[in-house]
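Student: If you scroll down you'll find the structure; I have some questions about it.
The values are calculated or read from the model by the stated rules, or taken from the named source; none is laboratory data. Values in this document were obtained by computation on a predicted structure and should not be read as measured data. Positions of Cβ are backbone-derived with ideal geometry, glycine not excepted, and every protein chain shown enters the neighbour counts.
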Amino acid sequence: MTRLLACLLCAFSVAFAATAAEGDVQPAEGLKPMAFLAGHCWKGDFPDQKQNDEHCFQWIYAGKALRDTHTVHASGRPDYVGETLYYWDSGSKRVEYVYIENLGGISRGTMESMPGALVFPATQYVADGKSMTYRVRWTLINDSSYEAWSETLVKDAWVTMFKVTMKRTS
């Protein structure tokens, strides 16, 4: 318990320091469409109202990458936690990411900026030797909220996993 508290305090102080400096960062050109996320946490309730999702974003490496720490809280269960690093790949001339989570799963993919939306094309989530194809779209609602829509490929058809309205909390 003491270790958890120390870890949370450390994370808070790092997040606070990063937030204070967010305005000074000049992000890599390809990451600029994601700038509205940086320095803020965004939280939303799943449709079942039994769990919520929180993403906290901060620039790292002087804007060369954007870190997204992600936690799903559900009553009576340990938190599902992951981290995504978004970065501009100068060779492929696109934003790419790597996602790693506490259950051992990973994903690698790309992000495309569209008018009013960030689009994450189909990619693979791999855990325990099994894979799932999924895609995501974050649609801006206003300056303090966006809709996160995730779909998975089931037998040649896209099926919605969830739609969550994420609201800025900081």
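Student: Among (1) within 27 Å of LYS50 (Cβ to Cβ); (2) surrounded by fewer than 16 Cβ atoms within 10 Å (Cβ to Cβ); (3) small (Gly, Ala, Ser), there is one condition SER113 misses while meeting the rest; what is its number?
Tutor: (1)
Student: While we're here: Could you go through region 4-13 and let me know if any residue there is under 24 Å from VAL164 (Cα atoms) and either surrounded by fewer than 17 Cβ atoms within 10 Å (Cβ to Cβ) or at pLDDT below 95 (or both).
Tutor: No, because not a single residue in region 4-13 is under 24 Å from VAL164 (Cα atoms) and either surrounded by fewer than 17 Cβ atoms within 10 Å (Cβ to Cβ) or at pLDDT below 95 (or both).
Student: Examine region 127-138 for a residue that is of a type in the set (A, V, I, L, M, F, W, C), under 25 Å from GLU29 (Cα atoms) and at pLDDT 95 or above, and state whether such a residue exists.
Tutor: Yes, region 127-138 has at least one match.
Student: Within region 45-62, is there a residue that is crowded, with 18+ Cβ neighbours inside 10 Å, farther than 24 Å from PRO121 by Cβ, in contact with a Gly (Cβ under 9 Å, 6 or more places away or on another chain) and at pLDDT below 95?
Tutor: No.
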